[in-house]
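What follows is a single structure, written as structure tokens, with notes after it.
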Amino acid sequence: MSAEDKRLVVALSGGIGGAKLALGLSRVMAPSDLVVVANTGDDFEHLGLSISPDLDTLMYTLAGLDDPQRGWGRRDETWTFMAALETLGGETWFQLGDGDLATHIERTRRLKGGETLSAITADFCRRLGIAVRVLPMSNDAVRTRLRTSEGWLDFQDYFVRRRCAPQVLELAYDGAATARAHPDVLAALHDPCLRAVVICPSNPHLSIEPILAVPGLRDAIARCDAPVVAVSPIIGGRAVKGPTAKMMAELGLPVSAAAVARRYDDLLDGYVMDHEDRHAADGLGIPVTMAHTLMLTLEDRERLAREALAAADALAKVLA
């Protein structure tokens with residue numbers, strides 16, 4: 001098969017950072033050729049609702065509905081529900097905007113009616129005008145938990161309620177060992193038209209490793225015929241957003257772009273890191289592409305997407 005026939009790209013993504021690159025990829029290639037595999041380790045039930053934060057961030061971002069200031073939720077959101085809930089003494093530590101609430105209510109209703117998470121997500125994407133295929137890593141429940149200085153915490157308790165304050169000592173992905181990888185994800189990774197696998201700049205511990213913990217997914221990525229390229233979420237020893245740097249330090253890992261690459265060492269054919277980290281490129285033992293990885297504008301997202309794809313295409317010629 002010629003290189004021109006290999007059009008399919010599979011991207012592994014968490015929330016905000018991953019969604020930015022996913023949007024960039026969708027704008028520099030045919031959206032129908034992009035499959036985004038979303039982390040669902042952050043999913044949880046709250047106020048009786050089934051909430052999928054990373055899936056929702058991806059959907060809102062790809063649909064142009066995301067809030068650019070907060071980075072999560074919908075833009076132009078209103079908060080009547082939360083205000084009323086507070087008046088009644090309800091739990092308000094996890095903020096649900098009025099528009100966002102509709103997503104969770106409808107998802108919960110349909111899950112209780114027997115539909116799968118992936119089928120509901122596909123229908124939401126269709127209704128929001130999203131041509132990209134967004135797939136949960138599994139339709140089975142996987143829940144990220146953290147052993148901290150305050151004991152074991154569910155992810156959202158750590159991340160939102162406790163604002164990432166407790167020291168992280170260990171991570172676990174409950175349910176991953178018995179979860180079934182989404183069959184469409186496995187099919188995409190085995191597709192002869194696969195052009196590249198892109199690991200988006202998401203927290204490796206909280207966003208990417210839950211995906212890799214699902215049986216069959218790490219092996220399918222490692223054995224796929226296309227180049228696997230990751231984009232660093234660390235720039236100059238700092239995370240762009242979220243607790244990545246703090247968590248790496250608490251786990252005894254160097255807070256560096258190189259340390260993230262080594263987390264994926266058995267998977268990667270290439271790595272994209274920021275120019276600020278060029279001093280660490282030589283010791284990785286894989287081809288490294290230097291780029292401006294901070295995505296502040298739509299143009300930044302598109303440029304980084306092109307550079308990640310160009311790195312994969314160059315690797316494909318070497319690996320052929």
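The values are calculated or read from the model by the stated rules, or taken from the named source; none is laboratory data. Keep in mind it's a predicted model, so treat the numbers as computed, not measured. All Cβ positions, even for glycine, are placed from backbone atoms using ideal geometry, and neighbour counts span all protein chains on display. Calculation scope for accessible area: heavy atoms of the full protein, side chains included, ligands and nucleic acids excluded. Shrake-Rupley method; radii C 1.70, N 1.55, O 1.52, S 1.80 Å.
Observations
- Across the range 136-166, the residues whose backbone nitrogen lies under 20 Å from the label position 7 Å along the beta-carbon direction of residue 116 are 136-143.
- Vicinal HN-Hα couplings computed from phi for the range 84-92 (Karplus, 6.51 cos²θ - 1.76 cosθ + 1.60; Hz; Gly/Pro x): 5, 5, 4, 4, 8, x, x, 6, 10
- Grouping the Cα pair distances of the chain into 10 Å bins from zero gives a pair-distance distribution of 6, 27, 36, 23, 6, 1, 0 percent in increasing distance order.
- Element breakdown for the chain at a 1.4 angstrom probe: carbon and sulfur atoms account for 51% of the accessible area.
- Protection proxy ranking, peptides 75-87, 119-131, average beta carbon neighbours within 10 Å, highest first: 119-131, 75-87
- Over 17 Å [Cα-Cα, the range 34-183], rounded percent: 65 percent
- Annotation for the range 20-52 versus the range 185-229: alpha-carbon center distance of 14 Å.
- Radius ratio Rg over Rh of the range 130-193, counting only Cα atoms, Kirkwood formula for Rh: 1.14
- In angstrom, the C-alpha Rg and Dmax of the range 172-298 are 14.9, 41.
- Bridging of residue 317 to lysines at a Cα separation below 20 Å is possible for 6, once same-chain residues fewer than 8 apart are set aside.
- The lysines within cross-link reach of residue 246, meaning a Cα-to-Cα straight distance under 24 Å and a gap of 8 or more places when in the same chain, are 20.
- Each of the peptides 47-55, 243-251 was scored by the mean count of other Cβ atoms within 10 Å over its residues; in descending order, highest first, they stand as 47-55, 243-251.
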